[in-house]
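First comes the structure, then the notes that go with it.
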Amino acid sequence: MQSAIMSLGDNLAHPQTNERISESDRHRQLVNYAGWADDAGFNAVHIGEHHFNDYMLSSPPVVLSAIGERAPNLILSTAVTLIPTLDPARLAEDYASLDNLFPGRVEIVAGRGNFFSRTYPAFGLSIHDAREIFAEKIGLVHTLLSSENVTWTGKFREPLDNITTRPRPTREIPMWVGAGSHESAELAARWGFHLMLPSVFGHPKMFVPIIERYREAWQEFGRDPADIHIGSCAHAFAGKDTQDMLKRFVPRYGHYWNFVDDLIRANTDGKVKLPFDLDASLSGPAVAGSSQECVERMSEIHELLGHDRQLFMFDMGGISNNELQETVQRFGEEVLPYLPD
């Protein structure tokens with residue numbers, strides 16, 4: 001199994017010290033975070049994209065470019081790229097440029113971002129068209145990256161007439177779809193894209209039906225099952241023991257979860273609530289505890305999902321540099337060697 005670090009770029013004050021670093025220092029922390037992960041033996045880094053809220057990461061290709069220099073062995077990927085709110089031609093140029101700087105290391109994980117619906121009107125779009133916009137634009141991005149002299153007509157963008165984006169990618173850039181629904185899983189299978197599960201939002205068993213539909217659709221479209229790749233993500237912390245995790249991770253985790261709950265409720269007019277439940281989190285979207293507990297948890301998750309890439313989000317809730325480096329290093333030494341094949 002491939003392992004990856006993940007960040008969505010929250011920049012919260014520490015819940016106990018109330019210390020908050022600047023956005024500049026937080027960006028620099030992300031670059032160092034990737035460097036520590038590279039040194040610890042992780043395979044990839046996934047950087048999120050949000051707009052107009054307190055997740056500060058809005059330009060993954062820029063941050064990944066800095067990370068690419070600091071962490072020369074990591075796959076450079078996203079979590080996710082918000083396809084609907086971006087222009088496909090500009091997006092193709094940005095990620096092809098990144099690929100030219102770091103050949104063979106770049107990926108795109110595409111998502112709709114429908115939890116944060118206020119982003120859509122800010123970009124002149126309607127959330128009611130989200131699924132249709134996503135399907136149209138992801139197809140165009142793939143076409144622009146894989147073909148030259150593109151002539152295209154769609155509903156949500158002006159037509160293209162004999163357009164070739166530059167630079168050209170050095171290879172076919174792998175694409176994933178962040179899929180929390182059967183419809184998105186089917187879209188991924190239709191295009192031959194990998195499947196990334198938004199499993200930080202619930203127990204892994206919630207996503208088993210989506211995987212099953214993805215595998216079914218993959219074969220319905222005549223694709224080789226051997227080419228299937230499935231990713232999952234989790235909030236993570238490896239402590240010295242269980243008590244160390246409860247003392248150091250849980251205050252930050254609860255702080256972060258309440259931030260997410262407030263943000264989602266604000267974007268859904270209170271319709272969606274995600275209150276913090278420690279027991280449910282530790283048996284659901286978290287991989288946290290002693291190193292041995294993390295190993296056992298990963299075995300459980302893999303048995304459920306049968307996936308081949310796991311994303312670990314260590315950097316939430318106002319974590320300090322020292323603590324972040326420590327848990328990444330411990331994870332690399334005591335957990336990664338024992339991940340399922």
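The values are calculated or read from the model by the stated rules, or taken from the named source; none is laboratory data. This structure is a prediction, so every number in the text was calculated from the model and none was measured. So basically every Cβ, Gly included, is an ideal-geometry build from the backbone, and we count neighbours across all protein chains shown.
Keeping to segment 5-33, report how many residues are hydrophobic (A, V, I, L, M, F, W, C) and out of contact with any Gly (no Cβ under 8 Å at 6 or more places or on another chain).
Counting residues in segment 5-33 that are hydrophobic (A, V, I, L, M, F, W, C) and out of contact with any Gly (no Cβ under 8 Å at 6 or more places or on another chain) gives 3.
Within segment 194-229, which residues are buried (at least 21 other Cβ atoms within 10 Å of the Cβ), in contact with a helix residue (DSSP H, G or I) (Cβ under 7 Å, 6 or more places away or on another chain) and among the aliphatic types (A, V, I, L, M)?
Leu195, Leu197, Ile210, Ile211
Testing Glu296 on (1) under 22 Å from the mean Cα position of the chain (by Cα); (2) at pLDDT 95 or above, one condition comes back false. Which one is that?
The one condition Glu296 does not meet is (1).
Does Ala185 satisfy the condition of being over 20 Å from the mean Cα position of the chain (by Cα), within 27 Å of Gly139 (Cβ to Cβ), at pLDDT 95 or above and part of a helix (DSSP H, G or I)?
no
Of the residues Phe134, Phe123, only one is hydrophobic (A, V, I, L, M, F, W, C) and either surrounded by fewer than 16 Cβ atoms within 10 Å (Cβ to Cβ) or in contact (Cβ under 8 Å) with a residue 60 or more places away in the chain (or both); which?
Answer to the check: Phe123.
Please indicate, with yes or no, whether at least one residue in segment 106-119 is over 25 Å from Val260 (Cβ atoms), in contact with a strand residue (DSSP E or B) (Cβ under 9 Å, 6 or more places away or on another chain) and modelled with pLDDT of 95 or more.
Scanning segment 106-119 turns up at least one residue that is over 25 Å from Val260 (Cβ atoms), in contact with a strand residue (DSSP E or B) (Cβ under 9 Å, 6 or more places away or on another chain) and modelled with pLDDT of 95 or more.
Would you pick out the residues in segment 134-181 that are touching a Phe, Trp or Tyr at 6+ places or on another chain (Cβ under 9 Å), within 19 Å of Ala79 (Cα to Cα) and assigned to a helix (DSSP H, G or I)?
Lys137, Ile138, Gly139, Val141, His142
Which members of segment 199-246 meet the condition of being at pLDDT 95 or above and assigned to a loop (DSSP other than H, G, I, E, B)?
Phe221, Gly222, Arg223, Asp224, Ile228, His229, Lys240, Asp241
May I ask you to verify whether Asn73 is under 19 Å from Thr165 (Cβ atoms) and of a type in the set (S, T, N, Q)?
no
Surrounded by 14 or more Cβ atoms within 10 Å (Cβ to Cβ) and closer than 17 Å to His46 by Cβ: which single residue out of Val287, Val250, Val335 fits that description?
Going through Val287, Val250, Val335 in turn, the sole match is Val287.
Condition test on Ala280, is it at pLDDT below 95 and not charged (D, E, K, R)?
Values: at pLDDT below 95: yes; not charged (D, E, K, R): yes.
Taking the combined requirement at face value, the residue satisfies it.
Criterion first (out of contact with any strand residue (DSSP E or B) (no Cβ under 6 Å at 6 or more places or on another chain), of a type in the set (A, V, I, L, M, F, W, C) and crowded, with 21+ Cβ neighbours inside 10 Å) does Ala13 satisfy it?
Answer is no for this residue.
Are any of the residues in segment 301-312 acidic (Asp, Glu), surrounded by fewer than 20 Cβ atoms within 10 Å (Cβ to Cβ) and within 15 Å of Arg252 (Cα to Cα)?
There is no residue in segment 301-312 that is acidic (Asp, Glu), surrounded by fewer than 20 Cβ atoms within 10 Å (Cβ to Cβ) and within 15 Å of Arg252 (Cα to Cα).
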